[in-house]
Amino acid sequence: MPPDCSAAQCQNVLVNARVKNNVTIVGVDDGPVIMLAHGFGCDQSLWRSVTERLVDSFKVVLFDHVGAGGSDPHAWDAGKYGDLAQYARDVLDIVEELDLRDVVFVGHSVASMIGVLAVAEAPERFAKLILLTPSPCYIDDGDYRGGFTRADIDELLESLDSNYLGWSAVMAPTIMGTPDRPELEAQLTDSFCRTDPAAARVFAMATFLSDNRADLERVTVPTLVVDCARDTLAPPEVGRFVQENVVGSILQTLDVSGHCPQVSAPELTAAAIAGFAARP
């Protein structure tokens, strides 16, 4: 809480932080802090099954990125949210205004790079960083394999722009990677549909056109990279690249398919998070 504000003003700061990003705090009030950040097209509800497995041992902080879920629609600004920097600033605002310390930040997909930027900016607030199915750059570049060509990304963005709901229905099965569990695909589609299409378009551009490879070396806190053995959005080469470029980081590969193991394999995902968070 900022020291130079009145009680009423400070309370308003807290309300603003909670409302803007729809902050939810559950679990052990004085336990180690784990902050869960969702990826593109999602909201905090996709962490539900992981959260249930963490609340007995940790204080869990969840939130929605502006433009997604239950975030304040009045906070959305296409100019401000045109790249990942403002999303990282929002993370720091939450951490600072709620006076969170020694945070274990868990970022899924693009939120992993948002976490990289936030931790690099204010490492004193964070104890550890967990990057779940991360990708610092989705576009192939020389020897680097991101999984997509620029033409692939342009086609994806054009499809999203022309028919967002149709795009959501088509992409959800590909992202989830669980054809034998259609209920999980439906869960992800529902999450997409709760995202404002205009905000989704801007966030998609920030996600799929960003290149944060050079930012990886700025991370100075202990880091765990968690990838999936079969992931069409972030192939194994990406996880290895991230691990090799974050000094001292550890790579853990889950033997599952898809890009959203917090939904398809919550037991394994929660165990990876809790195990790394509890390490001295």
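The table that follows gives values for the structure above.
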read-out	value
Condition check for P266: closer than 20 Å to I175 by Cα, surrounded by fewer than 23 Cβ atoms within 10 Å (Cβ to Cβ), of a type outside the set (A, V, I, L, M) and at pLDDT 95 or above	yes
Among residues of the range 93-139, those that are in a helix (DSSP H, G or I), among the hydrophobic types (A, V, I, L, M, F, W, C) and within 20 Å of D30 (Cα to Cα), counted	2
Criterion: open to solvent by 10 Å² or more (accessible area, probe 1.4 Å), on the phi > 0 side of the Ramachandran plot and assigned to a loop (DSSP other than H, G, I, E, B) - qualifying residue of G79, G69, G31	G69
Qualifying residue in the range 68-82 (condition: modelled with pLDDT of 95 or more and of a type in the set (A, V, I, L, M, F, W, C))	no
Residue that is surrounded by 20 or more Cβ atoms within 10 Å (Cβ to Cβ), in contact (Cβ under 8 Å) with a residue 40 or more places away in the chain and in contact with a Phe, Trp or Tyr (Cβ under 6 Å, 6 or more places away or on another chain), where the choices are L224, L216	L224
Subset of the range 108-143 [among the small types (G, A, S), farther than 14 Å from G239 by Cα and crowded, with 24+ Cβ neighbours inside 10 Å]	A111, G115, A118
Every residue from the range 171-205 that is crowded, with 19+ Cβ neighbours inside 10 Å and among the β-branched types (V, I, T)	I175, T178, T189, T195, V202
Members of the range 157-206 that are more than 17 Å from H259 (Cβ to Cβ), in contact with a Phe, Trp or Tyr (Cβ under 9 Å, 6 or more places away or on another chain) and part of a loop (DSSP other than H, G, I, E, B)	D196
Odd one out for D154 among (1) open to solvent by 40 Å² or more (accessible area, probe 1.4 Å); (2) in a loop (DSSP other than H, G, I, E, B)	(2)
Residue in the range 56-67 that is nearest to the chain's Cα centre (by Cα), counting only those that are farther than 12 Å from K20 by Cβ and of a type outside the set (D, E, K, R)	L62
Total residues in the range 167-183, condition more than 22 Å from S135 (Cα to Cα) and at pLDDT below 85	3
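The rows are residues; the columns are (1) open to solvent by 10 Å² or more (accessible area, probe 1.4 Å); (2) part of a helix (DSSP H, G or I); (3) aliphatic (A, V, I, L, M); (4) free of Cβ contacts under 8 Å to residues at least 24 places away in the same chain.
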| position | (1), (2), (3), (4) |
| --- | --- |
| T220 | yes, no, no, no |
| A229 | yes, no, yes, no |
| T232 | yes, no, no, no |
| V238 | no, yes, yes, no |
| F241 | yes, yes, no, no |
| V256 | yes, no, yes, no |
| P280 | yes, no, no, yes |
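The values are calculated or read from the model by the stated rules, or taken from the named source; none is laboratory data. Note that the structure is a prediction, hence the values are computed from the model and not measured. All Cβ positions, glycine included, derive from the backbone under ideal geometry; neighbour counts span all protein chains shown. Ligands, DNA and RNA are excluded from the accessible area calculation, which covers all protein heavy atoms including side chains. Shrake-Rupley method; radii C 1.70, N 1.55, O 1.52, S 1.80 Å.
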